[in-house]
Amino acid sequence: DAMVIQNPRYQVTQFGKPVTLSCSQTLNHNVMYWYQQKSSQAPKLLFHYYDKDFNNEADTPDNFQSRRPNTSFCFLDIRSPGLGDAAMYLCATSIDRGLMNTEAFFGQGTRLTVV
Amino acid sequence: SQQGEEDPQALSIQEGENATMNCSYKTSINNLQWYRQSSGRGLVHLILIRSNEREKHSGRLRVTLDTSKKSSSLLITASRAADTASYFCATASSGSARQLTFGSGTQLTVLP
């Protein structure tokens, strides 16, 4: 049973046209993360939520925003996608903010293409 | 910034052989985790080893951790074609352990 669900699996958007990626979880975890993964590279953390507390990474572009309306859902908004934003976007959750003794649970990812 | 580097970047072996992947990291950690990613999919957690542990086993997986050398290895024994995937190490730092910082990954191909 899928526990972290990302929709859609594939998204094509036009250059400059706002796009929203969705993530939902059935685990009731406190922490939700968004990672960006470009081809053949390591996932790179964009930001995370601890409950409603939003934590942005220092080098995450302003073009990327996030919303978490409730425990189960988290959204990634790209305000003006550029060609360089084409990537796999991974949502993950964890029960422990510090990841001290627990792992992160990842969704299947949304592959974003910008045309 | 990227915490870990993995070695080798790519590994190709025959089914039944063992595969060893190495990971090095830079800062003090609370734990180190290994994840697997099949082509075009999300990451799946394989195993977590704490900083006070030296070795851990899970099925055909064996992980070692050397905190003095800031390195870890993942051994997959008796590999199968279904093990073909990218393998990433990820560290949860002891300072601000709110996130996982991933290494660059090893692409493993197991030939039938």
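Values quoted throughout were computed directly from the atomic coordinates according to the rules given, and no laboratory measurement underlies them. Small disclaimer: the values here were computed from a predicted structure and weren't measured.
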The alpha-carbon center of the stretch B:66-95 and that of the stretch A:1-76 are separated, in whole Å, by 25 Å
Any chance you could tell me what percent of the C-alpha pair distances in the stretch B:5-111 go past 22 Å?
25 percent
Lys pairs in the protein assembly as shown, Cα-Cα under 30 Å, at least 8 apart or on separate chains: how many?
17
For the protein assembly as shown, max minus min Cα coordinate along each principal axis, in Å, sorted largest first?
48, 38, 33
Taking θ = phi - 60°, what integer Hz values does the Karplus form 6.51 cos²θ - 1.76 cosθ + 1.60 yield along the stretch B:38-50, in sequence order, with x for Gly and Pro?
6, 3, x, 10, x, 8, 10, 5, 9, 6, 10, 10, 7
Mean separation of Cα contacts under 8 Å, 6 or more apart, over the residue count of the stretch B:5-111: relative contact order %
38 percent
Residue-by-residue Karplus 3J(HN,Hα) for the stretch A:8-15, coefficients 6.51, -1.76, 1.60, Hz, glycine and proline x
x, 6, 10, 9, 10, 10, 7, 3
In whole Hz, what ³J(HN,Hα) sequence does the stretch A:52-69 give by Karplus (6.51, -1.76, 1.60; θ = phi - 60°), x for Gly and Pro?
9, 7, 8, 10, 9, 6, 4, 9, 7, x, 4, 4, 9, 10, 9, 9, 9, x
Would you please classify the overall shape of the stretch A:4-114 from the alpha carbon gyration tensor, given that a ≥ b ≥ c denote the square roots of the eigenvalues, rounded means a/c under 1.5, and beyond that prolate means a/b larger than b/c while oblate covers the rest?
prolate
